[in-house]
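Step one of this worksheet: look at the structure below.
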Amino acid sequence: MRVSYWCANGHETAPSFSVGEDVEAPEQWDCPRCGFPAGQDRARPPSPVRNEPYKTHLAYVKERRSDADGAALLEEALEALRVRRGGVPR
Ligand SMILES: [Zn+2]
């Protein structure tokens with residue numbers, strides 16, 4: 001199947017996908033002409049300038065969150081190790 005995408009510069013690109021039960025066409029597609037992200041809504045193409053800081057911030061938050069999760073998991077593992085060894089958990 002073919003899906004049309006439009007970028008902020010008005011370029012239309014229509015890559016074809018083999019879409020199955022668990023495969024869907026991506027929400028955005030990089031415009032082959034200018035490299036801008038292109039969306040399926042022609043009236044509201046994604047703006048690369050406005051989206052960039054948000055993506056960076058989100059990536060930053062995700063990174064921080066996984067760090068915290070990692071620390072929590074490590075603490076949990078250490079706790080289980082202490083209990084298994086017969087120690088008293090702090
Ligand atoms: Zn374009």
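Laboratory data are not the source of any read-out in this text; all were calculated from the coordinates shown. Note that the coordinates shown come from a computational prediction; the quantities given were computed from them, not determined experimentally.
Per-residue Karplus couplings for region 40-48, computed as 6.51 cos²θ - 1.76 cosθ + 1.60 with θ equal to phi - 60°, are listed in order as 7, 8, 4, 6, 10, x, x, 9, x Hz, Gly and Pro entered as x. Diffusion coefficient of region 1-50 by Stokes-Einstein, Kirkwood radius over Cα pairs, 10 °C, 1.306 mPa s: 145 µm²/s. Around the amide H of Phe36, modelled in the peptide plane, lie the amide H atoms of Cys31, all under 5 Å away and 5 or more residues distant in sequence or on another chain.
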